[in-house]
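The values are calculated or read from the model by the stated rules, or taken from the named source; none is laboratory data. Remember, predicted model here, so these are calculated numbers, not experimental data. Counting neighbours? That spans all protein chains shown, and the Cβs are built from the backbone with ideal geometry, glycine included. Each accessible area value is taken on the protein alone, full model and side chains, heavy atoms only, with ligands, DNA and RNA left out. Shrake-Rupley method; radii C 1.70, N 1.55, O 1.52, S 1.80 Å.
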Amino acid sequence: MSIIHDLQHSIHQILRHHRLGSYATQAARRDVLMLFARDLVSLGYKLRHIKGLERKHIVAVINHWQAQG
């Protein structure tokens, strides 16, 4: 399977077990995390599971988002 599919699948698994907030909050959280995963992979990172997330990944995506405005 592709890297993005594996990463998004791991995010879905974690969200399924941690259902905090209203349905709207859960949906918003899912949408942001899926966008984060897509952008992280598009930046060239090969993270396959969200449990491997490190500070460098977060910083890279935040810098990318800030550059986009």
Q) Simple spin-label model, 7 Å along Cα-to-Cβ: ALA28 to MET1 in nm? A) 2.8
Q: State in Å² the accessible area per residue of the chain; use a 1.4 Å probe, count heavy atoms of protein chains only, and round to the nearest integer.
A: 72
Q | the stretch 1-64 - percent of accessible surface contributed by carbon and sulfur, probe 1.4 Å | A | 59
Q: Read phi for every residue in the stretch 20-26 and hand back ³J(HN,Hα) as whole Hz from Karplus 6.51 cos²θ - 1.76 cosθ + 1.60, θ = phi - 60°, with x for Gly and Pro.
A: 9, x, 6, 4, 5, 5, 4
**Q.** Solvent-accessible surface (1.4 angstrom probe) belonging to ASP6, in square angstrom, nearest 10
**A.** 40
Q. Under Stokes-Einstein, with the Kirkwood radius over Cα pairs standing in for Rh, what whole-number D in µm²/s applies to the chain at 37 °C and 0.692 mPa s?
A. 261
Q. How high is the FRET efficiency between TRP65 and ILE14 when r is their beta carbon distance and R₀ equals 22 Å, given to the nearest 0.05?
A. 0.55
Q.
What are the ³J(HN,Hα) couplings of the stretch 40-45, residue after residue, when phi is run through the Karplus curve with 6.51, -1.76, 1.60 and θ = phi - 60°? Round to Hz, x for glycine and proline.
A. 4, 5, 5, 7, x, 7
